[in-house]
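Just below is one structure, and these are the notes that go with it.
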Amino acid sequence: MSLIKVVGEDKKEFKVDLNKDLNSGLLDGKSFDWDVVNVKGKSFSVIKDDKSFNVEVLSVKPEEKLFFIKVDGIKYQMNAKDKYDELLHSLGMDSLVSKKVADLKAPMPGLVLDISVEVGQEVSKGDTLLILEAMKMENVIKSPTDGVIKSISVKKTETVEKNQLILNFE
């Protein structure tokens, strides 16, 4: 079985243990069966307990085993873990797997030419965040991580110093 922790917008949590066939398992310790049919692309129809649900996969972060889905209009975050992830967690080694970046600082002094993101925007590792002009060269500053922009500490046409805070990630 593979363990999936599901957290909804309302912070309600579910634990799902799926069997290898992915058509049955345990939901919060209770046995269940369901039928899943791919409707189109990232949209699925799920039938469980004679009820139909529309499920859409919004985004996937495979390196973090993190999935964002929408079920009948309600957004959920799913975190899939297998027995090896649980073992790393029990040994206190799960923090070694991924490091969350909270702040982005200016790599050099310069002038902010353009800001490509807004507060609340979801970004992926490698997305362009802003353009910083230094020594008459335009430097594209890219996201070092996947995340959501929490705050932006600089403005367009502002001069920044090396190691000055540019923005925060949630």
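The values are calculated or read from the model by the stated rules, or taken from the named source; none is laboratory data. All values reported here derive from a predicted model rather than from experimental measurement. Virtual Cβ from ideal backbone geometry, glycine too; neighbours counted across all protein chains shown.
Counting only residues that are of a type in the set (A, V, I, L, M) and surrounded by 13 or more Cβ atoms within 10 Å (Cβ to Cβ), which one in region 2-32 is farthest from residue 77 (Cα to Cα)?
In this case the residue turns out to be 26.
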- From 52, 59, grab the single residue that is of a type in the set (Ser, Thr, Tyr), farther than 25 Å from residue 123 by Cβ and part of a strand (DSSP E or B). 52
- Message: Here is a check on your reading of the model: is residue 76 surrounded by 14 or more Cβ atoms within 10 Å (Cβ to Cβ) and either assigned to a strand (DSSP E or B) or modelled with pLDDT under 95 (or both)?
- Response: yes
- Looking at region 150-167, which of its residues are surrounded by 15 or more Cβ atoms within 10 Å (Cβ to Cβ) and either in contact with a helix residue (DSSP H, G or I) (Cβ under 6 Å, 6 or more places away or on another chain) or touching a residue at least 60 places away in the same chain (Cβ under 8 Å) (or both)? 166, 167
- Restricting attention to region 33-68, which residues are surrounded by 11 or more Cβ atoms within 10 Å (Cβ to Cβ), hydrophobic (A, V, I, L, M, F, W, C) and within 22 Å of residue 21 (Cβ to Cβ)? 34, 36, 39, 44, 46, 47, 53, 55, 57, 60, 67
- Of all residues in region 122-154, count the ones that are in a loop (DSSP other than H, G, I, E, B) and either of a type in the set (Lys, Arg) or at pLDDT 95 or above (or both). 4
